[in-house]
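**Student:** First, the structure itself, so that you have it in front of you.
The values are calculated or read from the model by the stated rules, or taken from the named source; none is laboratory data. All values derive from a computational prediction rather than experimental measurement. Note that each Cβ is placed from the backbone with ideal geometry, even for glycine, and that neighbours are counted across all protein chains shown.
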Amino acid sequence: MDLDDYLRHDGLGLRESIAAGETTPIELLDLARARADQANPRINAICLRLDDDATRRAGSRLEGPFAGVPFLIKDLLQDLEGVASAEGSRALQGRRAKQTSTVVQRWLDAGLVVFGKTTTPEFGTKGVTEAAVYGPTRNPWALDRTPGGSSGGSAAAVAAGIVPVAGASDGGGSIRIPAACCGLVGLKAGRGLIPFGPVDSEPLDGIATQGVVSRSVRDSAAMLDVLAGPDPMSPYAPAVPDRSYLTALDQAPGTLRIGYTTRSSLRPAPHPEAVRAVDRAAELLTDLGHQVEEVAVPFDDAQVARDFLTIWCVHQALEIERIKAETGAPDGSFEQDTRVLAALGRVLSATELQAAQEHRRDHIAGLSRFHADHDLLLTPTLAEPPIAVGALDTPRPLQALAAGVIRARGMRVLHRSGLMDRLITPSLAWVPYTQVANITGRPAISLPLHWTPEGLPLGVQFVGPLRSEELLLRLARQLEHAAPWADRRPPLV
């Protein structure tokens, strides 16, 4: 197999080539590493190489649905025992994982050959991947644009053809945003379906999930088969279908009732290309026989954003305090934007945090009423095409002001003056559609159905009710056949 052949295959296709005797795990690993050597200096997607371990593993006896396929894991809550795990932070440089994460072990059990870890913003905090410790990660479709975040390294690596599928995670859109930026499939499973053991139970109060970004729907389905199901640290046992998600792709989704909207109170005027992406998806769905209609936003999206940031800020405060206690890391080892969020988290009251938690029932009720009449909700994944690298950098004068406020312990005053609402626009206005699936625990998927005239991907999102992962994948498969994206390659490739 040569590099062109390698780039044409998805993960299951590579496994099929091995089974047919057309290639070997060692040959595939060499191709993946060669591609990484070509692409990574330009996109900065891989922060750690594990070449020696990968070579040994590729030469061993491997079994499973992805046996022998090269793979990358995210440098955030995807640990390999004894391997560095920095989570995008200077404060954790040199720390080595004490044990292997459940999801990583399941990937190993599936036969994957892990040869590196991908970049992430510090603690996965941002929708762009520009950690100070790594430098910015760039989008293969346009090197001046972001691949999204927080799984931006994984998405950039898959889009660039280094691997066909890579580990990702999603606490507010961090699978779907990079998938939309990079022309990939990004499925966020429902709450609890994929575990976080053996250390964590439900990070971020249950709004986060593990997963992958991929080039094909069947890879995403097969990966869900690999990952789904509880482990001993799971707080409950989610219902797992009797048949595999991959097998379910053979069944058409039937005629679906789909409501769509591009509206958002966080972004009253989304970019015309975001609107066009949904309009064209609605036309395609109608042509396929589905019943499609425009609807009002079925929940209070401004309140969703406030609740999401409340939970996230408190989480950041706890995370920094935990790391400081464990490592002795000074305040200066954390990025200032992270410290600002943590400082706000410290002044939020227990009542405010509990209110954010209890608002979930209102958001769930809104989606439940919608899903009583509609199978799926269709929105843009992004409110605009992938933004420029550095577009969310805090201006230096504001950095200096923030540092002074933190030193003077003036965050409480700023919070009372409405800081939370002022944070929403710069941080979430370009990605206002993804957080509701996390807050409500519902499954959602981003699909690469649109490219701008400039050649930038701009995905669309489908949000389903509880236990709709199979339905989302079956519809995705139908759309993949109707509007194929596998042959699209970024200029870098």
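**Student:** What pairs come up if the first residue lies in the stretch 266-278 and is among the β-branched types (Val, Ile, Thr), the second is outside any loop (DSSP other than H, G, I, E, B), and their beta carbons are under 7 Å apart, counting only those six or more places apart or on different chains?
**Tutor:** What qualifies is VAL278/TYR260; VAL278/LEU378; VAL278/THR379; VAL278/PRO380; VAL278/VAL460.
**Student:** Moving on to the next point. Within the stretch 249-272, restricting attention to residues that are surrounded by 19 or more Cβ atoms within 10 Å (Cβ to Cβ) and outside any loop (DSSP other than H, G, I, E, B), which residue is nearest to the chain's Cα centre (by Cα)?
**Tutor:** TYR260
**Student:** Quick check on my filter: what residues within the stretch 132-162 are over 16 Å from the mean Cα position of the chain (by Cα) and of a type in the set (A, V, I, L, M, F, W, C)?
**Tutor:** Correct list: ALA132, VAL133, TRP141, ALA142, LEU143, ALA160, ILE162.
**Student:** Can you go through ALA39, ALA45, ALA67, ALA34 and tell me which one is over 22 Å from PRO147 (Cβ atoms), modelled with pLDDT of 95 or more and either out of contact with any Gly (no Cβ under 9 Å at 6 or more places or on another chain) or of a type outside the set (Lys, Arg) (or both)?
**Tutor:** ALA67
**Student:** Can you tell me which of (1) surrounded by fewer than 22 Cβ atoms within 10 Å (Cβ to Cβ); (2) touching a residue at least 12 places away in the same chain (Cβ under 8 Å) is the one PHE71 doesn't meet?
**Tutor:** Exception for PHE71: condition (1).
**Student:** Going through VAL185, VAL199 one at a time, which residue ends up being over 18 Å from ILE43 (Cβ atoms), assigned by TED's automatic domain parsing to the domain that holds TYR245 and modelled with pLDDT under 95?
**Tutor:** VAL199
**Student:** Going by what's in this entry, would LEU48 be described as without any contact (Cβ under 8 Å) to a residue 40 or more places away in the chain, in contact with an Asp or Glu (Cβ under 9 Å, 6 or more places away or on another chain), within 26 Å of PRO136 (Cα to Cα) and not small (Gly, Ala, Ser)?
**Tutor:** The answer is no for LEU48.
**Student:** Please work out which residue is nearest to ARG138 (Cα to Cα), limiting yourself to the stretch 20-45 and to residues that are of a type in the set (A, V, I, L, M) and free of Cβ contacts under 8 Å to residues at least 40 places away in the same chain.
**Tutor:** The extreme case among them is ALA34.
**Student:** Considering only residues of the stretch 403-435 that are under 22 Å from GLY135 (Cα atoms) and in a helix (DSSP H, G or I), which is modelled with the lowest pLDDT?
**Tutor:** ALA403
Let's see how each residue does on (1) in a loop (DSSP other than H, G, I, E, B); (2) under 26 Å from ARG49 (Cβ atoms); (3) of a type in the set (A, V, I, L, M); (4) without any contact (Cβ under 8 Å) to a residue 60 or more places away in the chain:
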site: THR129; (1), (2), (3), (4): yes, yes, no, yes
site: PRO147; (1), (2), (3), (4): yes, yes, no, no
site: ILE177; (1), (2), (3), (4): no, yes, yes, no
site: PRO198; (1), (2), (3), (4): yes, yes, no, no
site: ASP205; (1), (2), (3), (4): no, no, no, no
site: VAL212; (1), (2), (3), (4): no, yes, yes, yes
site: ASP219; (1), (2), (3), (4): no, yes, no, no
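**Student:** Given the conditions (1) in the same structural domain as ALA228 (by TED's automatic domain parsing); (2) in contact with a strand residue (DSSP E or B) (Cβ under 7 Å, 6 or more places away or on another chain), and given that VAL278 satisfies all but one, which numbered condition is not satisfied?
**Tutor:** Single failed check for VAL278: (1).
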